[in-house]
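Each value in this text was obtained by applying a stated rule to the coordinates, not by laboratory testing. In this text the structure is predicted, and so the values were computed from the model without any measurement. Counting neighbours? That spans all protein chains shown, and the Cβs are built from the backbone with ideal geometry, glycine included.
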Amino acid sequence: MKRWRNWGRSADATFAAVATPRNEAELTALIVATVRAGQRIRPMGAGHSFTPVAVTDGISVRLDLLSGVRSVEPDSGLVTLGAGTRLRDLPTLLGPHKLAVQNLGDIDAQSIAGAISTGTHGTGTAFTGMAGQVRGLRIALADGDIVDCSASQRPELFQAARIGLGAFGVITEVTLQCVPQFALAADEHPEPLEAVLDGFDDRMRSADHVEFYWFPHTDRALVKANHRLPADAELAPVPRWRSLVDDELLSNGVFAATCAAGRLAPTVIPSINRLATAVVSQRQYTDLSQRVFTSPRRVRFREMEYAVPRTDLPAVLREIRALIGTRGWRISFPLEIRVAAADDVWLSTAYQRDSAYIALHRYFREPFAEYFLAAERILTAAGGRPHWGKLHTLDAARLAEKYPRFADVRRVRAAVDPQNLFGNAYLDRVLGPVG
Ligand SMILES: Cc1cc2nc3c(=O)[nH]c(=O)nc-3n(C[C@H](O)[C@H](O)[C@H](O)COP(=O)(O)OP(=O)(O)OC[C@H]3O[C@@H](n4cnc5c(N)ncnc54)[C@H](O)[C@@H]3O)c2cc1C
């Protein structure tokens, strides 16, 4: 028996066993043996989802040994990676081919299969989430077969499994549409929140990748705008000492201390937040894409994130701000606002809809339920769709209303996993029973 808990300390489990197959043959043998033993099996990546989506009462299978580059097509930019590849290894793996992924979220600790399976996204009006960049998958199914799928080969399995919550089988390889390596010129600065919300849509289009943080109890937003440049542009990275001070000390170290202080004395949080937005200075730098997209997150938190129609974002955020104001909560963590282009992935939060994301965080030692639940009412009333890797309270019946292809997802699942080998209690809730 193996005990486990996730990064956010919001899910834990005891597995019958943990398996780390060295190749597809070992994985197939494991699946067949699990079926014979009458147990269940579930793939896990880096354990960075905030829900128990990856847990099982049976065998937890990790693909860490199925990682690295399988093939590269230099002309088209198609790269096939082992499913257990960690995003943090992508610069080393893709760099020699002068390639990079198109867009990334805030961190790169995740596995590629785990990241796509819950719809991980970054920001940018012209860019989809990571699953939208997937061109092919190789999957070990419940019957032990290993199949390839893409837009032209088993297209329904491909559509369902691109954001598939590990419900369709164990992905062994992911083929990504990569792009020529590029740099990002970053501009980070504080601004009045209202100035950012007025003209929100134009603002989000003003650079390739725009996002902002709003610290509750303040009227300030911290805006990050990244412009794409060719990889041979002159780089001006954040000096090592400055990144130590800004990212490690100010963003992570001081923030850890303020979260801890705020927990003991919540009344100081508004002053701390005002101070935080006042001391954060403007900074500009240019670096290779992944070093600008991602940064370490050392302060643990719990998170809920919803996608709403992009143009509705200002009204929805104002409503949540009013909620926080009237309830008297003291929230130390900022809300993060990002955008993504519509895509065609069946379970994508941006399915056929240009989207804006509102992410709420709470320090991991503080209660989150009342805050998240009240905000969730606003977000669902606004037609919001919850991130599949983050906290929310919706069940299959409510999710079915939000996803036009939900019935197709369930049909494909029943066809490839009729015995519910890859199921767990969490999937029962969000996808419903198999069949
Ligand atoms: C600090 C932090 C920052 C984050 N930042 C962002 C962000 O910027 N943007 C964003 O969108 N999300 C973000 N997330 C959420 C995160 O990207 C997702 O929860 C992602 O799924 C985690 O990847 P993982 O490898 O840890 O997968 P896990 O959490 O381990 O698993 C997630 C799902 O993938 C399935 N899975 C894993 N491997 C396989 C496989 N080989 N085959 C089939 N299914 C598989 C699992 O069964 C499970 O259903 C963040 C999370 C944290 C903790």
Taking the chain as a Gaussian network, Cα atoms linked when under 10 Å apart, which of A350, A140, A115 shows the biggest mean-square fluctuation? A140
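Average projected area of the Cα convex hull of the range 182-386, in nm²? Write down the numbers at each step before the final one.
On the way: hull surface 46.0 nm².
Here the figure is 11.5 nm², rounded to one decimal.
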Which whole number in µm²/s is D for the chain by Stokes-Einstein, with the Kirkwood Rh taken over Cα pairs at 20 °C and 1.002 mPa s? 96 µm²/s
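Once the other residues with Cβ under 14 Å from the Cβ of A265 are scored (Lys, Arg +1; Asp, Glu -1), what is the net sum? Please list the in-between numbers first.
On the way: positive: R263, R330, R365; negative: E366.
The answer is +2.
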Candidate lysines - alpha carbon under 25 Å from K224, same-chain residues fewer than 8 apart omitted: K390
Expressed as a whole-number percentage, the relative contact order of the chain with C-alpha contacts under 8 angstrom and at least six residues apart is 17 percent
Helix 24-36 sits off the longest principal axis of the Cα atoms of the chain, rounded to the nearest 10 on a 0 to 90 degree scale, by 70 degrees
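Taking 8 Å as the Cα distance limit and 6 or more residues as the minimum spacing, I'd like the relative contact order of the range 182-386 as a percentage.
Values: 345 pairs, mean separation 54.3, N = 205.
About 26 percent, as a whole number.
To the nearest whole percent, what portion of all C-alpha pairs in the range 1-58 is separated by more than 19 angstrom? Intermediate values should be presented prior to the final figure.
Numbers: 537 of 1653 pairs.
Value for the range 1-58: 32 percent of Cα pairs lie more than 19 Å apart.
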Once you list every other residue whose beta carbon is under 15 Å from the beta carbon of M44, what net charge do they have if Lys and Arg are +1 and Asp and Glu are -1? +4
Suppose only helical runs count, i.e. DSSP H with n ≥ 4. What mean residue ellipticity at 222 nm does that imply for the chain under -39500 (n - 2.57) per run, divided by all residues and rounded to the nearest 500 deg cm²/dmol? -8000 deg cm²/dmol
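From the P(r) of the range 1-147, can you give the percent of Cα pairs sitting at distances over 28 Å? Intermediate values should be presented prior to the final figure.
Values: 2431 of 10731 pairs.
Beyond 28 Å sits 23 percent of the P(r) for the range 1-147.
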In sequence order, calculated HN-Hα J values of the range 202-211 (Karplus, 6.51, -1.76, 1.60; Hz; x Gly/Pro): 5, 4, 5, 8, 6, 8, 5, 9, 10, 8
How big, on average over all directions, is the shadow cast by the Cα convex hull of the range 64-180, in nm²? 7.1 nm²
